[in-house]
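**Q** Let me give you the structure first, and then I'll get to my questions.
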Amino acid sequence: MHEHKGFDAEAATWDDDPGHEERQVAVARAIEEALDLTSRMNALDVGGGTGRLSILLAHRIGSAVVTDPSQGMVQVARQRIEEAGLSDRLRAVQADLATDRFSGSYDVAWSSMALHHVQDLDRLLRSVAELLIDGGRLAIADLDEDPDGAFHAGRVDFDGHHGFDRERLTEQLTRAGFANVSFVDATTILKGDREFGVFLCTATKGA
């Protein structure tokens, strides 16, 4: 993942944007509907930012590790986890799962609006697959394909993906060792006078 310094600078006020909160609530709801979460599960949050998604889902799982490449985001996530009284079950770690070695075994992994920042997506998906148990579930929320790059038009430092074609993402997940890939519409994001679709993609490791 890239643009770390930009996210470091934005971390402290990231959750102040009501649009961010609405999006995470919608994604959390979609994940709850799509996955059979239990209190025995250990979750991995990929590019979890301030940890908001994992905090929203904490009541449905046993524990979670929130990872993010941005030191600023991780610092805020640790603060938010403590404020929510979840430090016994949630922790935040600075890590880029596309490049860093990471250990552990997880029942479920999720990611919200992070994958479009990842240049080597194939490598990231393989890394996540290695960290999931056989039969472990993956849930990815991200932008539908935005071929003209309108969503990130205002970010001169953006060097990621302009959304995802669902068929191509399915192929990438399959190559990484996932099966039973499916998509639902999770929410939309209004920027200016245009709505951008956000999907929830779910898949199973090694099924």
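The values are calculated or read from the model by the stated rules, or taken from the named source; none is laboratory data. Being a predicted model, the structure only gives us computed values, none of them experimental. Cβ placement follows ideal geometry from the backbone for every residue including glycine, while neighbour counts extend to all protein chains displayed. With ligands, DNA and RNA removed, areas are computed over all heavy atoms of the protein, side chains included. Shrake-Rupley method; radii C 1.70, N 1.55, O 1.52, S 1.80 Å.
**Q** Work out, step by step, the length gained on full extension between D185 and R40: first 0.36 nm times the residue separation, then minus their alpha carbon distance; give nm to one decimal.
**A** Answer, rounded to one decimal: 49.4 nm.
**Q** With label points built 7 Å along Cα→Cβ from the Cα atoms of E195 and E83, find their separation and express it in nm.
**A** 3.1 nm
**Q** What's the local net charge at G135, with K and R +1, D and E -1, over the other residues with C-beta under 12 Å away?
**A** Summing Lys/Arg as +1 and Asp/Glu as -1 gives -1.
**Q** Okay, moving on. I'd like the Kirkwood hydrodynamic radius of the stretch 68-147, using the inverse of the mean 1/r over distinct C-alpha pairs, in Å.
**A** Working: mean 1/r = 0.0713 Å⁻¹.
Computed over Cα pairs of the stretch 68-147, the Kirkwood hydrodynamic radius comes out at 14.0 Å.
**Q** Need one value: the accessible area of H59 in square angstrom, 1.4 angstrom probe, rounded to the nearest 10.
**A** Solvent-accessible area, nearest 10 Å²: 130 Å².
**Q** Give a residue-ordered list of calculated ³J(HN,Hα) values for the stretch 180-195 (Karplus: 6.51 cos²θ - 1.76 cosθ + 1.60, θ = phi - 60°; whole Hz; x for Gly, Pro).
**A** 6, 6, 9, 10, 9, 6, 8, 6, 10, 10, 9, 10, x, 10, 10, 9
**Q** Can you pull the three principal axis extents for the Cα set of the stretch 134-207, in Å, largest first?
**A** Principal axes ranked by extent give 42, 23, 17 Å for the Cα atoms.
**Q** While we're here: Eigenvalues of the Cα gyration tensor times 5, then square-rooted: what semi-axes does that give for the stretch 8-159, in whole angstrom, largest first?
**A** Taking √(5λ) for each Cα gyration eigenvalue gives 22, 19, 16 Å.
**Q** Not counting the cut sites, what is the longest span of the chain without trypsin sites (Lys or Arg not before Pro) that DSSP labels loop and that have at most 10 other Cβ atoms within 10 Å?
**A** Looking at the chain, 102-207 is the longest stretch - no exposed trypsin sites (Lys or Arg not before Pro) with at most 10 other Cβ atoms within 10 Å.
**Q** Tell me, what % of the accessible area of the chain is carbon and sulfur with a 1.4 angstrom probe? Don't jump to the answer; show the numbers that get you there.
**A** Numbers: 4330 of 9710 Å².
After summing per-atom areas, the C and S share lands at 45 percent.
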